[in-house]
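Data first, discussion second: the structure below is written as structure tokens.
Each reported figure results from applying straightforward, stated rules to the coordinates on display, with no laboratory input. Treat the numbers as computed from the prediction; the structure is a model and nothing was measured. Ideal geometry is used to build each Cβ from the backbone, glycine not excepted, and the neighbour counts take in all protein chains shown.
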Amino acid sequence: MTKEVDWGNINDSGNGDGGGNKRPKATWLKVPNGGSCRVRLVSNPVEYRKWWEPVSGYSPGFDTDPVVAAGYKPTRSYGLYVIDRNDNEVKVYSCSKKIVMIFKEWSNIKGCAPNDPEKGSDWVISKKRVDNKWTYTAMNDDTTPLTDAEKKRVDQVTTEAPLTEVFRPDTVERLQELLDEALANPNGPVPGGWEWYQAKKAQREAGSGNAGGVKFDDNKTDLADTTTTAATSGTEAATPAASADDTANEKFDTLFESGEQGAQGEGTTLF
């Protein structure tokens with residue numbers, strides 16, 4: 001299900017192959033609540049499908065995903081690398097299709113890719129509360145050619161942690177195990193999620209039970225704001241409905257201190 005896409009074929013869809021659970025380390029961009037951050041896009045996006053409920057994980061494809069077969073629908077999201085101008089670190093930025101469509105609209109108007117090393121610009125990503133939901137906006141700023149040092153740093157990060165590996169789909173077997181646990185314990189933490197991992201870890205450290213053979217990733221990619229609320233300017237395409245409701249969104253929003261910033265919602269842009 002996870003695949004790299006060019007800016008011209010973002011509307012394409014398709015299934016990817018399943019993968020293991022261990023992913024390379026990556027630093028995630030966090031947009032502060034009620035604030036903003038300035039970034040420079042430095043990669044093509046990858047498209048992936050993410051589960052937030054009833055399990056937390058990455059879908060291997062509609063034809064093989066047992067969670068899909070059980071009647072649930074994953075969230076479509078996109079991930080790309082950016083330079084965070086706050087600390088000049090190369091980070092993973094995960095966002096909704098509508099934010100990506102803003103970048104694509106800019107690309108259509110300017111005639112170059114948003115991550116073009118010479119012609120690309122900085123972007124200001126903001127996050128604010130509107131009608132009890134988190135809303136994201138994206139506005140382009142000055143053209144910012146990448147320096148040789150920045151290009152070298154981007155090449156190193158993208159080689160060590162390709163986005164297709166960062167967002168690698170979970171195996172069918174793992175998703176089935178998580179789904180079985182979710183169905184057996186509907187009032188417990190979402191299997192595969194941060195609270196679930198912490199409960200397993202605490203259980204293991206206390207010696208009060210079996211941790212279930214869970215491998216703990218150093219990069220905790222199980223937390224996100226799945227809110228999609230504001231309107232985009234220019235073209236707007238329909239986004240599959242998130243599997244988590246507003247109550248779940250509120251829960252995820254309280255857990256941003258560690259983990260994936262996640263599929264951030266729609267926004268607007270100025271040219």
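Given the criteria under 20 Å from the mean Cα position of the chain (by Cα) and not in a helix (DSSP H, G or I), does K104 qualify?
No: the conditions fail for K104.
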Subset tally (residues that are surrounded by fewer than 24 Cβ atoms within 10 Å (Cβ to Cβ) and closer than 19 Å to E165 by Cα) for the stretch 49-61: 1
Output for the stretch 108-135, where each listed residue is surrounded by fewer than 20 Cβ atoms within 10 Å (Cβ to Cβ) and either in a helix (DSSP H, G or I) or of a type in the set (D, E, K, R) (or both): N108, I109, K110, D116, E118, K119, D122, K128, R129, D131, K133
Residue list for the stretch 31-42, restricted to those being assigned to a loop (DSSP other than H, G, I, E, B) and touching a Gly at 6+ places or on another chain (Cβ under 9 Å): V42
Which listed residue is out of contact with any His (no Cβ under 9 Å at 6 or more places or on another chain) and in a loop (DSSP other than H, G, I, E, B), from V55, V82: V55
Residue selected from the stretch 127-144 under the condition within 19 Å of L29 (Cα to Cα) and hydrophobic (A, V, I, L, M, F, W, C), by the criterion farthest from the chain's Cα centre (by Cα): M139
